[in-house]
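Structure, as structure tokens:
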Amino acid sequence: MKTILMVGVAALALTATPAFAQDAATPVAEPQAAETAEASAPGDVVVTAQKRSERLQDVPVAVSVISGDTLAAKGAVNLEGAQYLVPTLNFRKSGTAINQSLFLRGVGTSTFSIAGEPSISTVVDGVVYSRAGEAFSDLIDIDRIEVLRGPQGTLFGKNTSAGVINIVTKRPGNEFGGYLEGAYYFDNGNEYRVRGALDLPLSEGVAARVTGFYGKYDGNIRNRTTGTRVNGYEHYGVRGMLVADLAPNFTATIIADYRKSDDDCCAEVIGTTPNNATASVLPTPRGNETREVAQNLVTATLEKSWGLSAQADWTLGTQTVTYIGSYREYDNTEIRDGDFLPQAYTGAGLNQLHDFGPQTSNTLTQELRLTSPADQFFSYVLGAFYSRAETERTFTRNDITCTTAVLPPLTPCTSPLVLASTPSGTANFGSTFKNFALFGQGTLNFTDRFRGIVGLRYTTDQLNVFHQRVTTLAGPGINPSFGPFRGKTTNDNWSGKAGVQFDIVPQSTAYATYSRGYKGPAFNVFFNLGATGTNVIEPETADSYEVGLKNTLFDGKLVINLAGYYAKYNNFQANNPDIVAGVLVTRFTNAGDVSTRGVELDLLFQPTRDLTFSGGVAYTDAHIDQFKVPTNGVTTGVIPSGTRLGYAPEWKGSLGADYRIRTGGFVDVALGAQGSYQSEQIAQLDANAAIRAATTIKGYGLVDLSAALVDPDDRFRLAFQVKNVFDESFAAAITSGGPGGSFRYIIPREADRYYGVTGRVNF
């Protein structure tokens, strides 16, 4: 019965897709003014995908838009939850938050190097987040998320070779008000969330909005050694925005935020049986249904970040000048049990391996833009951008090893009859990225129906790195001392965009574009760096072709958007599995040439103001075209041409429905359903076909249901949710390198059914 229901959900998911805004009345922030606009129908959703406010249906780019209210209604905490609403978006979960990454259309970057950057840029209120880990913080007080697919290098710069996640937060209201929300989720570890916001009109034309949040979750995995739950978190933070209309043609916006996160995530369960004696000291492996670990160190991520940004919008005649400056600091400490055992034992490969790696980083950005009116023959956006991102890390690995020919395997190293050694090494390393760019994009309005698109960006990059490792005693996963090493590389690049757009009829617009993407040079700077790994990783470039058709029907009530694309990536920057000092690691390299092609459909239908359907489907064929042979000529690590890329399911879709029953009484009733499905995907891109097969995540579907009591005037809301109704178990990641040749699984919370109740009061 369960299988039949899941197939049914999958079939529904393949008829439509998530995306624009499930709440048609979501306010949209205008970047050049303090006012907000109400989207009266799905066809009127406004985005800033081209750094000016435009109707989504007028933008010649494949964009999916999720409202913040939709994210909150689905219980999503961060971008990991957004992947179930956008078919082309996938999320790679890792042992610690700093190593997680996003994928769009099957393309993304996974790296442990602090001198490598992501392929998908995250932008929050116009500010670029330089480190991938910072982008996965809590999504609080979000107005909307715009997911821009394909290279976006012209307007958004480097490290957007696969796309951009553009996040816009809610702006202050003109009247005193706000909300307070509390939530409790249970049956998969207890979770508590409290959120609130307050609008404060300070004077004529000056208003502020202050937002705070707190969340705590026990976790969904039990650690048999410590007797506690893990994979939980404790998060809290505050955000403030001040908007001031200092003159009729001048608006200033200042935003400050602070957050702190203590996560005991993510424990990697051993999902397959080891081929050595450790099987007797580990929980029984049950594949993606394993929910226990036995580790004497709790893997954790401790984070703290804060930032300050200022934006000024000045209208000079018909032109608008925009300045955005920001400074951010992001500190992350990685604590990791790398042996996955309750302690060290006698026997080959039964050593203790514990990591401790505090990291600090700061980013300074400056952007200046000139924007013309949209209603002229040649409308344009011109700008200059500068950023400096500095990161430094001190990483220590401590081992315990013991060997004896007398005692049997699995004798604890703490036994008085065993002589144990304690290898240890500490590395200090860092990187500084400097980037400067000049850019411009324009639209030639040849006629009322036919337009041309041109864009160009000049980028210059400089990357400096340093590294030194001091090893007191080499051991498993610890190479001898190395360094000091210093490296530097620079690169200049021209990227751009060209295309045409034609209104077939007023309700249907077709477009075709070519985009050149660019991702800057890198180094593979990590704990075990050696002399053979100090080479420069060359820049990654992408040539992308996209055609699309945007349709708005039934007076804006129905939106159906289609896009087809092909993109080829040269010098693709990727992680490849490698064995260093007897421990599985990943080496960051120019893997070679890869390509992705596919078709996407986004749908939003609002037949009445109280009934909304949204969904989408994506077919993706992302694979390796030609893998590079290493300079040493060793071909054992070369992945065959035609191999599917990691985290690139061939099919993925979602379908959601929201219905409000207006009773005419004390409360209305709101009902919601959300389904998603994705086919199998490779979690570890490896040259070994058997490892690729063992690390393939099987296809799965999820269904969430909700019911709420809502005040007719939306003054309060009490909602009940069931997440993963059919209790579908799955893994978010599968990796080789566990004890005795076993495989490690990361199990997300969404892999089990759980329940929630949320109460909200608006005032």
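The values are calculated or read from the model by the stated rules, or taken from the named source; none is laboratory data. Just so we're clear, the structure is a prediction, and the values are computed from it rather than from any experiment. FYI the Cβ positions are ideal-geometry reconstructions off the backbone, even for glycines, and counts take in every protein chain you see.
Taken over the stretch 93-137, the criterion of being under 25 Å from ARG749 (Cα atoms) and polar (S, T, N, Q) is satisfied by SER94, THR96, ASN99, GLN100, SER101, THR109, SER110, THR111, THR122, SER137. Sub-6 Å Cβ pairs linking a first residue in the stretch 510-526 that is within 27 Å of PHE482 (Cβ to Cβ) to a second residue that is outside any loop (DSSP other than H, G, I, E, B) and of a type in the set (Ser, Thr, Tyr), at least 6 apart or interchain, are PRO521/THR489, ordered by first then second residue.
Would you please name the residue that is nearest to PRO423 (Cα to Cα), looking only at residues in the stretch 495-528 that are under 26 Å from the mean Cα position of the chain (by Cα) and aromatic (Phe, Trp, Tyr)? Talk me through it step by step, then tell me what you get.
So the first thing to find is which residues in the stretch 495-528 are under 26 Å from the mean Cα position of the chain (by Cα), and the list is 495-497, 513-527.
If we keep only those that are aromatic (Phe, Trp, Tyr) too, we end up with 514, 518, 523, 526-527.
Numbers: TYR514: 54, TYR518: 42, PHE523: 27, PHE526: 18, PHE527: 15 Å.
It comes out as PHE527.
The residue pairs whose first member lies in the stretch 170-193 and is in contact (Cβ under 8 Å) with a residue 12 or more places away in the chain and buried (at least 17 other Cβ atoms within 10 Å of the Cβ), whose second member is assigned to a strand (DSSP E or B) and among the polar types (S, T, N, Q), and whose beta carbons are closer than 7 Å, counting only pairs six or more residues apart or on different chains, are ARG171/THR36; TYR179/ASN762; GLU181/THR758; ALA183/THR758.
Screening the candidates THR509, THR532 for the property of being touching a Gly at 6+ places or on another chain (Cβ under 9 Å) and polar (S, T, N, Q) yields one hit, THR509.
Conditions (1) farther than 29 Å from THR299 by Cα; (2) not aromatic (Phe, Trp, Tyr), marked per residue:
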| position | (1), (2) |
| --- | --- |
| PRO423 | no, yes |
| PHE436 | yes, no |
| VAL454 | yes, yes |
| ASN464 | yes, yes |
| HIS467 | no, yes |
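Residues in the stretch 136-154 that are small (Gly, Ala, Ser) and surrounded by 24 or more Cβ atoms within 10 Å (Cβ to Cβ): GLY150, GLY153.
For the stretch 712-726, indicate whether the set of residues that are surrounded by fewer than 14 Cβ atoms within 10 Å (Cβ to Cβ), without any contact (Cβ under 8 Å) to a residue 12 or more places away in the chain and of a type in the set (A, V, I, L, M, F, W, C) is non-empty. No, there is no match, as no residue in the stretch 712-726 is surrounded by fewer than 14 Cβ atoms within 10 Å (Cβ to Cβ), without any contact (Cβ under 8 Å) to a residue 12 or more places away in the chain and of a type in the set (A, V, I, L, M, F, W, C). Among residues of the stretch 349-378 that are over 30 Å from ALA279 (Cα atoms) and of a type in the set (Lys, Arg), those with a Cβ under 9 angstrom from a residue that is surrounded by 17 or more Cβ atoms within 10 Å (Cβ to Cβ) and at pLDDT below 95, sequence gap 6+ or separate chain, pair up as ARG369/LYS51. In the set ALA707, ALA751, only one residue is more than 22 Å from the chain's Cα centre (by Cα) and among the small types (Gly, Ala, Ser); that residue is ALA707.
Filtering the stretch 61-74 to residues that are part of a loop (DSSP other than H, G, I, E, B) and surrounded by fewer than 23 Cβ atoms within 10 Å (Cβ to Cβ) leaves only LYS74. Filtering the stretch 714-739 to residues that are charged (D, E, K, R) and modelled with pLDDT of 95 or more leaves ARG715, ARG717, LYS723, ASP727, GLU728. Here LEU417 passes the criteria (1) touching a Pro at 6+ places or on another chain (Cβ under 8 Å); (2) surrounded by fewer than 16 Cβ atoms within 10 Å (Cβ to Cβ) except the one numbered (1). So, of the residues in the stretch 499-551 that are touching a Leu at 6+ places or on another chain (Cβ under 9 Å) and in a loop (DSSP other than H, G, I, E, B), which turns out to be surrounded by the fewest Cβ atoms within 10 Å (Cβ to Cβ)? Within the stretch 499-551, the match that is surrounded by the fewest Cβ atoms within 10 Å (Cβ to Cβ) is GLN507.
Picking from residues in the stretch 112-134 that are within 14 Å of the chain's Cα centre (by Cα) and acidic (Asp, Glu), the one that is modelled with the lowest pLDDT is GLU134. Screening the candidates TYR236, TYR217 for the property of being buried (at least 22 other Cβ atoms within 10 Å of the Cβ) and under 14 Å from VAL77 (Cβ atoms) yields one hit, TYR217. Among the conditions (1) touching a helix residue (DSSP H, G or I) at 6+ places or on another chain (Cβ under 8 Å); (2) of a type outside the set (Val, Ile, Thr); (3) over 28 Å from ILE624 (Cα atoms), ALA72 misses just one, which is (1).
Taking the stretch 626-742 and the strands (runs of 3 or more DSSP E) fully enclosed by it, the elements with 1 or more residues that are within 25 Å of THR109 (Cα to Cα) and among the aromatic types (Phe, Trp, Tyr) are at 651-661, 668-678, 700-710.
Within the stretch 475-489, can you find the residues that are farther than 30 Å from ASP461 by Cα and either among the hydroxyl-bearing types (Ser, Thr, Tyr) or buried (at least 16 other Cβ atoms within 10 Å of the Cβ) (or both)?
Just the residues of the stretch 475-489 that are farther than 30 Å from ASP461 by Cα, to begin with: 475-481.
Selection gives GLY475, PRO476, GLY477, ILE478, ASN479, SER481.
When GLY357, GLY347 are checked against the criterion of being farther than 20 Å from ARG52 by Cα, surrounded by 16 or more Cβ atoms within 10 Å (Cβ to Cβ) and within 23 Å of the chain's Cα centre (by Cα), a single residue qualifies: GLY357. Output the number of residues of the stretch 594-630 satisfying the condition of being of a type in the set (A, V, I, L, M) and more than 23 Å from SER654 (Cβ to Cβ). Number of matching residues: 3.
Residues that are among the β-branched types (Val, Ile, Thr) and surrounded by fewer than 17 Cβ atoms within 10 Å (Cβ to Cβ) within the stretch 243-267 comprise just one, ILE254.
Being of a type in the set (Ser, Thr, Tyr), farther than 18 Å from ASP543 by Cα and touching a helix residue (DSSP H, G or I) at 6+ places or on another chain (Cβ under 9 Å) is the filter here; which residues of the stretch 487-516 pass it? Please lay out each step first, then the result.
Step one: filter the stretch 487-516 for residues of a type in the set (Ser, Thr, Tyr), giving 489-490, 495, 508-509, 511, 513-515.
If we keep only those that are farther than 18 Å from ASP543 by Cα too, we end up with 489-490, 508-509.
Scanning the stretch 487-516 gives a single hit, THR509.
Residue under question is PRO409, and the condition is that it be touching a helix residue (DSSP H, G or I) at 6+ places or on another chain (Cβ under 9 Å) and at pLDDT below 95; does it hold? Judged against the criteria, PRO409 is a match. Residues of the stretch 490-532 that are out of contact with any strand residue (DSSP E or B) (no Cβ under 7 Å at 6 or more places or on another chain) and of a type outside the set (A, V, I, L, M): PRO506, PHE526, THR532.
At pLDDT below 95 and closer than 23 Å to THR96 by Cβ: does that describe GLY317? Criteria not met by GLY317. For the stretch 467-490, the count of residues that are under 27 Å from the mean Cα position of the chain (by Cα), assigned to a strand (DSSP E or B) and either at pLDDT 95 or above or of a type outside the set (Phe, Trp, Tyr) (or both) is zero.
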